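For reference, the structure discussed in these notes is given below.
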Amino acid sequence: MRLREFVTENGETQLRVWGDRDVLVVSAPLPGVLRVRLAPQARANGLGFPRLAEKRSFAVCPDLPKAARLSVAEDGDTLRVSGGGLTLHLDRKSGGWRVMEAAVEGAEGRPERELACVLDWNGDAPTARPAMGSETFNLSRSRLNLHAPEDAAYLGFGERVGPLDKRGMHLTFWNTDCYPHHTDTDPLYISVPFTTVVQGDRAHGIFVDETWRMTADVARSDPHGLAFASAGPELDVYVLAGPRPADVLRRYVDLTGHAPMPPLWALGAAQSRWGYRTADDLRAVIAGYRERDLPLDSVYIDIEYMDAFKVWTVNRAGFPDLKAFVREAAKQGVKLVPIIDPGIKAEPGYDVYEEALHNDYLVRTARGDVLVGEVWPDPAVFPDFTRPEVMTWWAGRHKLFADAGIQGQWNDMNEPACFSLAQPRETEGKTLPYDALHGSRPHLEMHNAYANPMSQASRAGYAKFSPNIRPWIISRAGYAGIQRHATVWTGDNAATWSHLGLSLPMIGGLGLSGIPFAAADVGGFGGDTTGELLARWYQAAVGYAFLRNHSAQGTVDQEPWRFGEPYTSIIHAALELRYRLLPHLYTLAYGATRTGLPVLRPLALHHAGDEDALRADSQYLLGKGLMVAPVMAAGHSKRQVYLPAGRWASVFNLAEFGKIHDGGAYVTADAPLHTLPLYLKAGEALPLTEPALHTTQARWERVTWLAHLGESGFVGQLYEDAGDGPVVGRLTRLIGNREDGKLSVRRETEGEAALPEQRETLHIIGLEPVREVHGAAAYSYEDGVLRLTLPAHWEEVTVTWVE
Ligand code: GLC
């Protein structure tokens, strides 16, 4: 007999169900999201509810709106708990449960649908778990096995190599500094235990909010099972309704938080290298760009700017006056983004160390001593960011950067990486031991969470000292919800063609894991790149959310001009393409902060149910309607491109407008080295601008709309604001309405911003020869493309054509 009770805790209604071996707590935190907290080994305590440990989630937003109400119905042995449009069916005899999506009344084809079905679950009784401090840990303490339908694909799961669909893989959630990684390395730096399950054209999500070390067997050992095993005492499962992948993602970011709006400069070209040591080195790099008229918006500064790798110090020999140098770079339109690592050099007299030690801010060993390891500084100790007072202290340290006028930061080695330990203990990878202590919590539980509060503290630091800017923070490690605090890059990749190819499903998968602004190091971090690889990488990265060329020390220099011609010019053209696309990219970034939809999108996001789109890992969508299909193999000058349903116009390099293709088919793109194959979907319009050497404001004086006329016209969007500071701007929708052989184009705007007088042009692809145009200042028509110059304050343009 299973007992149950309703309780309200912190404003949330929960249903608690328990038997003699396990406990379920059900709630509906948001519409379309059902949470099932499952403690398999918790023993009922007489007739009372067994106390579960207090849950502190690093992922779920602390300020969610009021939870949806629950209702319960009993039907024989089945208990039905409904909330937020989902229903949990619990078999009171077996304890088995499933989550169903309610049928939509009157909507045919939307019958009740099973989203999650438990095959079995299991846990060790608390006594079976070895005490902390012993050498063996039970890494599969709580287990949950969900039914994996044969036709289901599993997207997301955070930062992973391999194809976008993770079916058939065994995944570990344990943030790991691994260099080099390969096409099958697992795990990597980031753990997001969230997947979008796609079945036909329907999708739903499963999120297991556990920071404890965990694994997921994604229909690998058992083709019909998705099995989670956690080292923790419970599994906190969220089931998210669809029906489309974009709906699942929206619900997930409503739950775990929206990414903040990046400043415009962060989307411009960035140069980095582990090897720039001094302000003079950086001066030379900036000059190298400017001499060649290459666009550049930021330079990242690696660990050598510090004094002997001591965080929150500046090496005065290399950087005699950091503030003055920040100002000097700004005059060239360049921002600086310094690195910060969590490891603190254990050196008596060094103030950061002394403060941390004195205030008890550091991670300790199981025996209670301060844990000592080695990172760049050696010996090194580690702040325990999981405690609020440590976060506040760390945030306070950002004054150094804020005072110097720095607006961006690069949080690295925050898995945390630790190369060796003063007292070796059981662990996994180069990090802290399982039994190290964060207050009273073991590292086994806190490891995956470590990077989130570190980046949260960075954001808090800028909010405190530079409240008028939008800080740009990138992090190497992260757990679910990291997007609220920082974006990520994919860590130490390598200068190989396979790594270039890998970057697309990897960034795509991060995007489907709620992290919309991820990117990989352009050119490759480890190993020597080549002119051809670098050029192709810049082309492929035209739609990375940010564009940073970064490489390791000891490798060949890889700034855009290092390989001479034709590569310098080809990279120059790719950078100009990027800057032309900035209005579109910035608008996508704005959209991402509201909907969670990433900048770089796997095709599956918009074409669920299309098996070819699901497997098209070597191309991506930039927004909904621009297909990017880079060449990612040495010596190739052609490639196959999959175009999903719809009509697509080739707009190679955004300049060569060619054929219109019917989608649902593969086409061969001719793409010699200077060419990036791009295709614009019918019905879509993109805002573009002129290339520039660096960004200024996201209020573009020249805007060219590139539209591809569809059956009913086209739609485009443009978000504009100051490019930094408060996110107060104007959203313009360009609407082309096609009716009765006539196209009328107008705009709708929302929000306000003082905008400069804009010079707009509109290029429309896919028109029959034009008969008449009204409302334009000038126009020309050639080869199916109508080019219109729009007058100031235009209201409507109409076009008729020869049928
Ligand atoms: C790590 C980072 C890399 C950085 C290096 C030195 O390997 O991932 O980007 O350049 O450390 O700080």
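The values are calculated or read from the model by the stated rules, or taken from the named source; none is laboratory data. Not measured: the values here are computed from a predicted model. All Cβ positions, even for glycine, are placed from backbone atoms using ideal geometry, and neighbour counts span all protein chains on display.
Here are some notes:
- Identification of strands (runs of 3 or more DSSP E) wholly contained in the range 708-760 with 1 or more residues that are of a type in the set (A, V, I, L, M) and over 28 Å from the mean Cα position of the chain (by Cα) yields 730-739, 742-751.
- Residues of the range 639-665 that turn out to be part of a strand (DSSP E or B), surrounded by 14 or more Cβ atoms within 10 Å (Cβ to Cβ) and at pLDDT 95 or above, as a count: 12
- Residue match in the range 353-365 (condition: in contact (Cβ under 8 Å) with a residue 12 or more places away in the chain, under 34 Å from the mean Cα position of the chain (by Cα), within 16 Å of the ligand (Cβ to nearest atom) and not in a loop (DSSP other than H, G, I, E, B)): no
- Among the residues of the range 507-528, those that are away from the ligand (no atom under 15 Å from the Cβ) and buried (at least 24 other Cβ atoms within 10 Å of the Cβ) comprise I507, G508, G509, L510, G511, L512, S513, G514, I515, P516, F517.
- Note on the range 264-275: residues that are more than 10 Å from the ligand (Cβ to nearest atom) and under 13 Å from V556 (Cα atoms) total 0.
- When the residues of the range 414-430 are filtered to those that are under 28 Å from the mean Cα position of the chain (by Cα) and either assigned to a strand (DSSP E or B) or crowded, with 24+ Cβ neighbours inside 10 Å (or both), the one that is nearest to the ligand (Cβ to nearest atom) is A417.
- For the range 435-460, filtering for residues that are part of a loop (DSSP other than H, G, I, E, B) and crowded, with 23+ Cβ neighbours inside 10 Å leaves 2.
- Taking residues in the range 481-497 that are within 15 Å of A589 (Cα to Cα) and part of a strand (DSSP E or B), and partners anywhere that are within 12 Å of the ligand (Cβ to nearest atom) and not aromatic (F, W, Y), the pairs with Cβ atoms closer than 6 Å and at least 6 places apart or on different chains are T487/I474; V488/S475.
- Counted residues, the range 481-495 - those being closer than 25 Å to T529 by Cβ and either more than 11 Å from the ligand (Cβ to nearest atom) or not hydroxyl-bearing (S, T, Y) (or both): 8
- For W212, the conditions (1) under 24 Å from F517 (Cβ atoms); (2) more than 16 Å from the ligand (Cβ to nearest atom) all hold with the exception of (1).
- Residue under evaluation S27, criteria (1) buried (at least 20 other Cβ atoms within 10 Å of the Cβ); (2) modelled with pLDDT under 80, criterion not met: (2)
- Taking the conditions (1) surrounded by fewer than 17 Cβ atoms within 10 Å (Cβ to Cβ); (2) in contact with a strand residue (DSSP E or B) (Cβ under 6 Å, 6 or more places away or on another chain); (3) modelled with pLDDT of 90 or more in turn, V7 satisfies each one other than (3).
- Residues located in the range 498-537, provided they are under 23 Å from T568 (Cα atoms), aliphatic (A, V, I, L, M), out of contact with any Lys or Arg (no Cβ under 7 Å at 6 or more places or on another chain) and not in a loop (DSSP other than H, G, I, E, B): L533, L534, A535
- Among the conditions (1) within 16 Å of the ligand (Cβ to nearest atom); (2) under 28 Å from K430 (Cβ atoms), the only one that A346 does not satisfy is (1).
- Residue within the range 387-408 that is within 16 Å of the ligand (Cβ to nearest atom) and outside any strand (DSSP E or B) present: no
- In the condition set (1) in contact with a Phe, Trp or Tyr (Cβ under 7 Å, 6 or more places away or on another chain); (2) surrounded by fewer than 19 Cβ atoms within 10 Å (Cβ to Cβ), P320 is compliant with all but (1).
- Residues in the range 290-318 that are away from the ligand (no atom under 16 Å from the Cβ) and without any contact (Cβ under 8 Å) to a residue 60 or more places away in the chain were compared, and the one that is nearest to E354 (Cα to Cα) is R316.
- Filter pass, R277 being basic (K, R) and assigned to a loop (DSSP other than H, G, I, E, B): yes
- Flag if A613 is crowded, with 20+ Cβ neighbours inside 10 Å, under 21 Å from L581 (Cα atoms), of a type in the set (G, A, S) and in contact with a Phe, Trp or Tyr (Cβ under 7 Å, 6 or more places away or on another chain): no
- Among the candidates R787, R771, residue that is within 38 Å of the chain's Cα centre (by Cα) and modelled with pLDDT of 90 or more: R787
- Flag if V715 is touching a strand residue (DSSP E or B) at 6+ places or on another chain (Cβ under 7 Å), farther than 22 Å from R787 by Cβ and surrounded by 16 or more Cβ atoms within 10 Å (Cβ to Cβ): no
- The one condition in (1) part of a helix (DSSP H, G or I); (2) at positive phi that S569 fails to fulfil: (2)
- Cβ-Cβ under 6 Å pairs, at least 6 apart or on other chains, the range 338-350 side touching a residue at least 24 places away in the same chain (Cβ under 8 Å) and of a type in the set (F, W, Y), far side within 16 Å of the ligand (Cβ to nearest atom) and not in a loop (DSSP other than H, G, I, E, B): Y350/K310
- Number of the condition not met by G723 [criteria: (1) surrounded by fewer than 17 Cβ atoms within 10 Å (Cβ to Cβ); (2) at positive phi; (3) at pLDDT 95 or above; (4) not aromatic (F, W, Y)]: (1)
- Look at (1) more than 35 Å from the chain's Cα centre (by Cα); (2) surrounded by 15 or more Cβ atoms within 10 Å (Cβ to Cβ); (3) basic (K, R) and you find that R37 fails only one, number (1).
- Residue, surrounded by the most Cβ atoms within 10 Å (Cβ to Cβ), within the range 461-480, restricted to residues that are in a loop (DSSP other than H, G, I, E, B) and within 15 Å of the ligand (Cβ to nearest atom): A477
- Residue in the range 251-263 that is at pLDDT 95 or above, within 16 Å of the ligand (Cβ to nearest atom) and farther than 26 Å from G729 by Cβ present: no
- Matching residues, the range 319-337, being of a type in the set (A, V, I, L, M, F, W, C) and without any contact (Cβ under 8 Å) to a residue 60 or more places away in the chain: F319, A324, F325, A329
- The residue of the range 538-553 that is farthest from the ligand (Cβ to nearest atom), among those that are within 17 Å of D412 (Cα to Cα) and not hydrophobic (A, V, I, L, M, F, W, C), is N549.
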